[in-house]
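The values are calculated or read from the model by the stated rules, or taken from the named source; none is laboratory data. Being a predicted model, the structure only gives us computed values, none of them experimental. In this analysis, Cβ positions are derived from the backbone assuming ideal geometry, glycine residues included, and neighbour counts consider all displayed protein chains.
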Protein chains: 2
Amino acid sequence: MDKILRIDMGAEGGPEVKETSLGEYEGLGGRAMTSAIVSKEVPPLCHPLGEENKLVIAPGLLSGTTAAMSGRISIGCKSPLTGGIKEANSGGQPSQMLARLGYAAIVLEGKPKGDTLYKIFIDKDGVKISEANDLRMLGNYDLVEKIKGEHGEKVSCISIGPAGEMKLSAASIACTDMEMRPTRHAGRGGVGAVMGSKGVKVIVIDDSGMKMRSPKDPEKFKAAVKEWVDGLTKNPTTGKGLPAYGTNVLTNVINEAGAYPTRNFSAGRFEGASDISGETQAELETSRGGMATHGCHSGCIIKCSGIFVDKDGNYVTKQPEYETVWSHGGNCGINDLDAIAQLDRLDDDYGLDTIEMGATIGVAMEAGLAQFGDAGAAIDLVKEVGKGTPLGRILGNGAAVTGRVFGVERVPVVKGQAMPAYDPRGIMGIGVTYATSTMGADHTSGYAVATNIMKVGGDVDPLKPEGQVELSRNLQIATAAIDSTGMCLFVAFAIMDQPETNQALIDMINAFHGWSWTGDDFGKLGMSVLKNERDFNARAGFTAEHDRLPAFFKKEPLPPHDITFQVKDEELDQVFNF
Amino acid sequence: MDKILRIDMGAEGGPEVKETSLGEYEGLGGRAMTSAIVSKEVPPLCHPLGEENKLVIAPGLLSGTTAAMSGRISIGCKSPLTGGIKEANSGGQPSQMLARLGYAAIVLEGKPKGDTLYKIFIDKDGVKISEANDLRMLGNYDLVEKIKGEHGEKVSCISIGPAGEMKLSAASIACTDMEMRPTRHAGRGGVGAVMGSKGVKVIVIDDSGMKMRSPKDPEKFKAAVKEWVDGLTKNPTTGKGLPAYGTNVLTNVINEAGAYPTRNFSAGRFEGASDISGETQAELETSRGGMATHGCHSGCIIKCSGIFVDKDGNYVTKQPEYETVWSHGGNCGINDLDAIAQLDRLDDDYGLDTIEMGATIGVAMEAGLAQFGDAGAAIDLVKEVGKGTPLGRILGNGAAVTGRVFGVERVPVVKGQAMPAYDPRGIMGIGVTYATSTMGADHTSGYAVATNIMKVGGDVDPLKPEGQVELSRNLQIATAAIDSTGMCLFVAFAIMDQPETNQALIDMINAFHGWSWTGDDFGKLGMSVLKNERDFNARAGFTAEHDRLPAFFKKEPLPPHDITFQVKDEELDQVFNF
């Protein structure tokens, strides 16, 4: 990982490839890399779909190594959804492969004059770019089949579906998993639209002939990895809960807590929750011959995912995540796992963020386009996006645009990005994260749910404003650092309560890179990432007034607790005081 | 004009009427009144369509008097289009009538729980509010016919069409003219959507039994009015140019200057300009038995409007304004006055801002929804808005939303509001106004075209950055003051070059109100209005970064001058240094 691959898609004679050393970006990975490049090189007031925006794809500091869980990839740009900086994070195989090929980042720059579509192929011999108009408007599944036919099954793909080609703001970027299915997505913020604007349909990565990256101190690294694996294995969440039921184990938990946003954030408890819970889902998957425990990338030992099959045992989609089950489920009044799996499959195939789409369908239902609970209508609405009809384009641009176009007042977004599966009135810590995150409403940028509800890393009452700002601040800092390592964020459950596992992560970084970081240095990395992002957003016109939840969260009490969001504006403004 | 009428549309048992004294708003009129109330009473982060927004309707300081040109009305709120403060200004009869009935402002507050539609009737005996669901989705023309049947032809109407009921961000509020046609519109910023969100279809005003408002010093007032009328009559623009050809006299002038935005701001000169010029239009109107010179409200002596009839002599619409002829004409590559008149009629009937709609169709054409120059397709697109189809709702939400939904990069908006008929690269002074106005892109908030092109009030080279900031600053201050008097902005042509006419305006205000204002005091009024507006916008999250033109104006040179917008960001930030 000692070079950056820059591809100018707008060069006169067609795409131009340049490999450079890391220079000032030396020592960065993942989100630290993408946010540094975007913050420094992208004009904050540029059009997100214009030639001045850049799409940065970066493996983490430990990606491509033998460290377990290190296969996450960061994709950054100026977001078409929020207008601010964006880092969207995905599992799958590309991160490990790119890292082994030595690339610390791919930067797509410029914009083709015409509408030619390109394929980028990367292997140990370098980069080949070819016209790929035959791939136009293919869904991610068909696309990957075609790539398998050309390049075999040992490559990995980073691709967009029709949504990205249409430059819709809810468009994701798909990464293939171990079975070479396009099921892992850098979902949020419309990164797929930016890839579409660059005219790139797919990046195919072949790491044949490459080896695991070698640590500076192999012995120390090996010892740290062992401690790391032990820590993850013994932790009840990463060692048991997540493997057994996946992220969807949360449906019953959050519903019980009264913070499960139901029917477009109009209630906090869904009567159909048990029908779509992780427990029900795992049982269904197993009984049908699917899989309830499965990893999204090689090197994953938590294996929170699974394989969802239909009643005849045919593959439908990967096990839908908790946030997807919620967004297409309870948020739309839908309690049908098969329908939710179909929606997940459609989203993955069109290349759409499942959180944004479910929230959008909820807003569309509130607008009267369909009845809450009507799964067939929800499927039809998502299919409109695939068809690219005017209605589909509205929906494919997300909840804020849909609310605007249909005149809906209750639109659960911050900075234009839809809220995930936790109502900020019932879990106030996550509300602080939604409001203040540099990313727009985003649970993964400071997952206060862990401490508010699961009592991991302490115990802060979810229904009181006290302590939430400090909690969210600390989590946002830690998350920005973890997102830079290539580590799956779920390792946080272990490192928050097990100091020895936390130390193992630092030890792995140090042994690998020959550094001598302390825990403080790790925190400083997180702070520097957030500072870069805040700086970009300020130059893009964001102010304290953008660090607010929509007004209805302060006005409409959420049943069953009948509580509004209680954290004061002045407190929100303290989150980044560090 | 000693009372404010407040109507709480959200009161438990149905709308509640309250009349109050002016209190802290004493001495304000028009835009000074609307912006003071909105800035003080509306939470800047509220949803524009929510119960916390207020719609404020205010005649000017001299409305309802014998002062010529004093019939403009200001309509203010938080804008659904820009998210900032809004004052949209209209001619027609309501201003004079409301003023004579003694109302300095009507404030619509709250929001009905259900979807009942209301009619508000105001006469000398007070206010009557009745359910009016029979008026649902009527176009403004049919609506006004119905009102005439109920209330006769001597009333005036402030109403919304289907666009306002659908809460579209390009929805206008129509005011009836002297012939009781709904042809004068508070067009910009989606004020019609806010009226729609309040459940008010129409406000019917009957000033029977009321007299002209009486001045404090009748003799002095009479003398000042005479000087005023003399000044307007002798001025070449207000006395000759505007009466003869209307605002559309500008088509040839701006086209000649190379600043006529053609085909969605891709060129500065339109080959079909002479086909749609004011000269051609006046000749066509006259030859068909229409009218080329006609006022929009009683008391108007400039009479810049007219009556556009079809080839059989049947009424189509009022004479389309320059900005309308441009937006639906050259901006879409259309050189057909009959088609443009039809589009103007449709806009007025559905209740849509003609500038926003033409700019939106231009963006839609750039997106490939229709060919530039295809008038039939343009008409069909506007009809989609009337039908409320998904496509129609996209378009009815304006150029920014349309650009977003269809992934278009060249979208000529500032703060979400579409640019009018002057390219900021060819007339840099108006570019400064577009960028910095509290209203979003708006020519009427500081009409630098007058000095850049017509050499009124001085001579500042339109193609150079020098002097534009000072010019725009002075014009924005003066305009905010004029917009508070109820005076038509066209009086500016006379007062900018004729000190005695400027003095006559001050004299009229002083004689009427018993004040002793100097020219400086008038300027201070303008500054205080702008300060209120800037303050609201800052609290709504607007920063210097929002006072910018879209990036393409700095990157794409405009033919024929092949010039980009040259005023620097740091200079733009000096506009409000006063």
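Across segment B:1-42, which residue is nearest to the chain's Cα centre (by Cα) among those that are in a loop (DSSP other than H, G, I, E, B) and more than 13 Å from residue B:104 (Cα to Cα)? Filtering first and then ranking leaves B:42. Of the residues making up segment B:535-555, those that are away from every other protein chain (no Cβ under 11 Å) and over 16 Å from residue B:430 (Cα atoms) are B:535, B:536.
Report yes if residue B:470 is assigned to a helix (DSSP H, G or I) and modelled with pLDDT of 95 or more, otherwise no. Considered against the rule, which asks whether it is assigned to a helix (DSSP H, G or I) and modelled with pLDDT of 95 or more, residue B:470 comes out as yes. Selection over segment B:524-578 of residues that are of a type outside the set (Lys, Arg) and part of a loop (DSSP other than H, G, I, E, B) gives a count of 24. Restricting segment B:138-175 to residues that are within 14 Å of chain A (Cβ to nearest Cβ) and in contact with a Pro (Cβ under 8 Å, 6 or more places away or on another chain) leaves a set whose member that is surrounded by the fewest Cβ atoms within 10 Å (Cβ to Cβ) is B:167. With the condition kept exactly as written, say whether any residue in segment A:163-186 is touching a Ser or Thr at 6+ places or on another chain (Cβ under 7 Å) and in a helix (DSSP H, G or I). Among the residues of segment A:163-186, not one is touching a Ser or Thr at 6+ places or on another chain (Cβ under 7 Å) and in a helix (DSSP H, G or I), which makes the answer no.
Only one of the numbered conditions (1) touching a residue at least 60 places away in the same chain (Cβ under 8 Å); (2) surrounded by fewer than 18 Cβ atoms within 10 Å (Cβ to Cβ); (3) hydroxyl-bearing (Ser, Thr, Tyr) is violated by residue A:501, and that is (2).
Closer than 24 Å to residue B:96 by Cα, of a type in the set (Val, Ile, Thr) and touching a residue at least 60 places away in the same chain (Cβ under 8 Å) - does that describe any residue in segment B:473-486? Among the residues of segment B:473-486, at least one is closer than 24 Å to residue B:96 by Cα, of a type in the set (Val, Ile, Thr) and touching a residue at least 60 places away in the same chain (Cβ under 8 Å), which makes the answer yes.
Per-residue answers, yes or no, for (1) surrounded by 19 or more Cβ atoms within 10 Å (Cβ to Cβ); (2) β-branched (Val, Ile, Thr); (3) in contact with a Gly (Cβ under 9 Å, 6 or more places away or on another chain):
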| residue | (1), (2), (3) |
| --- | --- |
| B:279 | no, no, no |
| B:304 | yes, no, yes |
| B:308 | yes, no, yes |
| B:317 | yes, yes, no |
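Of the candidates B:81, B:45, B:98, the single residue that is at pLDDT 95 or above, part of a loop (DSSP other than H, G, I, E, B) and surrounded by 22 or more Cβ atoms within 10 Å (Cβ to Cβ) is B:81. Tally time: how many residues in segment B:394-416 are over 25 Å from residue B:341 (Cβ atoms) and at the interface with chain A (Cβ under 7 Å from one of its Cβ atoms)? The number of residues fulfilling the criteria is 6. All conditions but one from (1) in contact (Cβ under 8 Å) with a residue 40 or more places away in the chain; (2) out of contact with any helix residue (DSSP H, G or I) (no Cβ under 9 Å at 6 or more places or on another chain); (3) surrounded by fewer than 17 Cβ atoms within 10 Å (Cβ to Cβ) apply to residue A:128; the one that does not is (1).
Which one is surrounded by the most Cβ atoms within 10 Å (Cβ to Cβ) among residues in segment B:517-556 that are among the aromatic types (Phe, Trp, Tyr) and closer than 21 Å to residue B:231 by Cα?
Per the criteria, the residue is B:522.
So for segment B:509-516 (the condition being surrounded by fewer than 18 Cβ atoms within 10 Å (Cβ to Cβ), touching a Ser or Thr at 6+ places or on another chain (Cβ under 9 Å) and more than 14 Å from chain A (Cβ to nearest Cβ)), does at least one residue qualify? No, segment B:509-516 contains no residue that is surrounded by fewer than 18 Cβ atoms within 10 Å (Cβ to Cβ), touching a Ser or Thr at 6+ places or on another chain (Cβ under 9 Å) and more than 14 Å from chain A (Cβ to nearest Cβ).
Taken over segment B:178-214, the residue count meeting the criterion of being surrounded by 24 or more Cβ atoms within 10 Å (Cβ to Cβ) and under 19 Å from the mean Cα position of the chain (by Cα) is 17.
Of everything in segment A:28-54 that is under 12 Å from residue A:83 (Cα atoms) and without any contact (Cβ under 8 Å) to a residue 24 or more places away in the chain, the residue that is nearest to the other protein chains (Cβ to nearest Cβ) is A:47. Check segment A:426-446 and report whether any residue there is under 18 Å from the mean Cα position of the chain (by Cα), touching a residue at least 40 places away in the same chain (Cβ under 8 Å), assigned to a loop (DSSP other than H, G, I, E, B) and closer than 18 Å to residue A:260 by Cα. The answer is yes, given that some residue of segment A:426-446 is under 18 Å from the mean Cα position of the chain (by Cα), touching a residue at least 40 places away in the same chain (Cβ under 8 Å), assigned to a loop (DSSP other than H, G, I, E, B) and closer than 18 Å to residue A:260 by Cα. Within segment A:49-61, does at least one residue satisfy the condition of being touching a strand residue (DSSP E or B) at 6+ places or on another chain (Cβ under 8 Å), part of a strand (DSSP E or B), assigned by TED's automatic domain parsing to the domain that holds residue A:30 and within 20 Å of residue A:352 (Cβ to Cβ)? Within segment A:49-61, one or more residues are touching a strand residue (DSSP E or B) at 6+ places or on another chain (Cβ under 8 Å), part of a strand (DSSP E or B), assigned by TED's automatic domain parsing to the domain that holds residue A:30 and within 20 Å of residue A:352 (Cβ to Cβ).
How many residues are within 16 Å of residue B:203 (Cα to Cα) and without any contact (Cβ under 8 Å) to a residue 24 or more places away in the chain when one looks only at segment B:2-17?
Number of matching residues: 1.
The residues in segment A:393-422 that are outside any helix (DSSP H, G or I), surrounded by 24 or more Cβ atoms within 10 Å (Cβ to Cβ) and of a type outside the set (Gly, Ala, Ser) can be counted, and the count is 10. Do we find that residue A:380 is under 21 Å from residue A:569 (Cα atoms), more than 12 Å from every other protein chain (Cβ to nearest Cβ) and of a type outside the set (A, V, I, L, M) in this structure? No, not satisfied.
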